[in-house]
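Step one of this worksheet: look at the structure below.
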Amino acid sequence: MNLQKRVAFLFLNLHFYARAVPQDDSIIQHVCLSGGNYTQNSTYQKNLNTILSSLSENVDEYGFYNASIGQDSDRVSAVVLCRGDVELNLCRGCVKDAARKIVQQCPDRKVAYGWYVKCLIYFSNENIIGSMSSDTLSLPCNNQNATQPAKFNQDLRSMLDRLLSEATQGGPFLKFAAGNTSAPDLNTIYALVQCTPDLSAQGCSDCLTAAFGALSAAQCVDRVGAIVLTRSCNFRYENYRFFNYTLIEPPLPLPQSGKDDRTIPTVVIILVPIAVVLMLLAICNFVVLTKRQKQKAKKGVKTMEDTSSLCEIKSVESLQYDLDTIRAATNNFSEANKLGQGGFGVVYKGQLADGIEIAVKRLSGNSQQGDLEFKNEVVLVARLHHRNLVRLHGFCLEGRERILVYEFVPNGSLDKLLFDPIKRGCLNWERRYKIIIGIAKGLVYMHEDSRLRIIHRDLKANNILLDGNMNPKIGDFGMARLFALDETQGSTSRVVGTYGYMAPEYAMHGHFSTKSDVFSFGVLVLEIVTGRRNTSFRYEESAQDLLSYVWIQWQNWTASTVIDQMLRGVSSPVHEIMKCIHIGLLCVQDNVADRPTMGEIVLMLSSSSLSLAVPSRPAFFVHNIITAGTVDNTEASRNEVSCTEFYPR
């Protein structure tokens, strides 16, 4: 059936009626489809009521949520999507109202749609999550005709094509774009386009292209405004501004190979202070290392956070911001700019006067992180320059304020995606493999390529941040330690980190080395492959830890069963996934000497022909499955959980 006939067919069956574009608080259309009826007080109705009541509170900051509940014939799936320029509280209000009204308008129906100007809702007894439909179900038109239809339509189509390109680049959470263009007779055309974020870029493009084509098959041609709605995408245009400009964030631009006129002065501004900082750091490093060599025999291994703090903090004074600048960038630390909160304080999004977006980590007054730890993080991160490490722009020390200013990383921390049953669907194997390799390369730089050997000591999914292209960046260096290049290991009486990621020699005896980070990396790899968190892993009725579970399956030649269900299918290379499981098990071996170095791991990941060693039993292997509900706190009492929960997006 061609597009014109399909649209006409839908109009006939849905009792479509054209009218003036509705006001923002009114419903555009509701559709009760013939997917069957449910009976009162049935399991299906209970599941439907449960899922509809949960939609509003679970809508994310991007205005999207989908969920499924129940089994077989009682299964209910639901999708809600708010317009990309709608504030979160208004979005949730619209979804709540829509969830209430849709069951009133379509009583006893198993499949129904409802569209408001600000949101849409869709539920079904079939699995609709991740599916695409370009069937046009509603086209309300503005009653006014364009005075110069040919020129108006040409300008409109040009802008819609541009917005389509922007929306498809919007990433896995928000595929939305809006803008305006000049129209005949000194008028302006305003338009927005949007796809559900679970669509691929190509799927979004296909859906919007079909939606654009629906205009020519309906009575909306030559009108100065219209709304085209489908289950997977929608667009609207008017001759007046109908959307909120202040809440529209354009998609991150793709990397450009060219350079503009500001490149040279920008490079100069950046390189001059860096050169000064490096010179001062070299002097301070010489003083610190000399002092450490004298004290080493009596006090063992020391770190830069324990010595020469005055020299260290002066060496990065050129990176210091004044408090007024930080306040202006974050709108005086407004709640609207808040990204996350942890034991060390709050993280805010900010924008400097030159337009650079930043993540501001404001340490709390009662934070357990002392001056030495604060200075340690400044000195450490300021000297690290690698694409897989979070970049520190600077810091602020005024009065009681201690603030770190980082680059803004738009896609947040890995754990927010990986362990979310819905959002982890955007992490296909290609992206997960890219994340694994990126983390490995960042650790190689820290362990082998930087001027000092750096041990992170708190590597976990929370501390892996994802940029606009899903490139991983290791963050949170408040617990890191430095070694001179000729030093290989150290010890401490203060064990810090997160239980489940710490190597056994560190958790039990305080001994740490580059192999401690290798162990944490191995845990992280197995989490990425399985989509399961090691620190809260449960398998059926057991409290078995993730490492033990993977090891048992590996021994039984059934390791493929641990792969995240999201990755199972023809599009995922099983041999590559199995190689990562193999590497993960090599990293978490009990014997420190058996674990590979990060340099060797990068070689393993990049080579398709390299033979891998046979892994031995992982550390903390559970010989007998522990009964669910029992917890052994013997070792947990020794560990200080990392207080730094840094969530810049």
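Observations, loosely collected:
- Unmet requirement for G425, which otherwise passes all of (1) outside any loop (DSSP other than H, G, I, E, B); (2) touching a residue at least 60 places away in the same chain (Cβ under 8 Å); (3) over 15 Å from the mean Cα position of the chain (by Cα): (3)
- Flag for N143 being modelled with pLDDT under 90, over 24 Å from E57 (Cβ atoms) and in contact with a strand residue (DSSP E or B) (Cβ under 8 Å, 6 or more places away or on another chain): yes
Each row is one residue, and each column tells you yes or no for (1) without any contact (Cβ under 8 Å) to a residue 60 or more places away in the chain; (2) under 24 Å from V193 (Cβ atoms).
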| residue | (1), (2) |
| --- | --- |
| E61 | yes, yes |
| S68 | no, no |
| Q71 | yes, no |
| V76 | yes, no |
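- Here G171 meets each of (1) within 27 Å of N471 (Cα to Cα); (2) of a type in the set (G, A, S); (3) in a strand (DSSP E or B) with one exception, condition (3).
- Enumeration of residues in segment 198-257 that are closer than 20 Å to L90 by Cβ, modelled with pLDDT under 85 and either of a type in the set (G, A, S) or part of a loop (DSSP other than H, G, I, E, B) (or both): N244, I248, E249
- Residue count for segment 399-421, restricted to those that are over 17 Å from M470 (Cα atoms) and not hydroxyl-bearing (S, T, Y): 8
- Qualifying residue in segment 433-455 (condition: part of a strand (DSSP E or B), in contact with a Pro (Cβ under 8 Å, 6 or more places away or on another chain), more than 22 Å from G500 (Cα to Cα) and touching a residue at least 40 places away in the same chain (Cβ under 8 Å)): no
- Count of residues meeting criterion [of a type outside the set (V, I, T) and within 13 Å of L52 (Cα to Cα)] in segment 94-113: 11
- Hey, F519 buried (at least 24 other Cβ atoms within 10 Å of the Cβ), closer than 20 Å to R595 by Cα and modelled with pLDDT of 90 or more or not: yes
The values are calculated or read from the model by the stated rules, or taken from the named source; none is laboratory data. Fair warning: this is a prediction, and the values are worked out from it, not measured in the lab. Backbone-built Cβ (ideal geometry, glycine too); neighbour counts: all protein chains shown.
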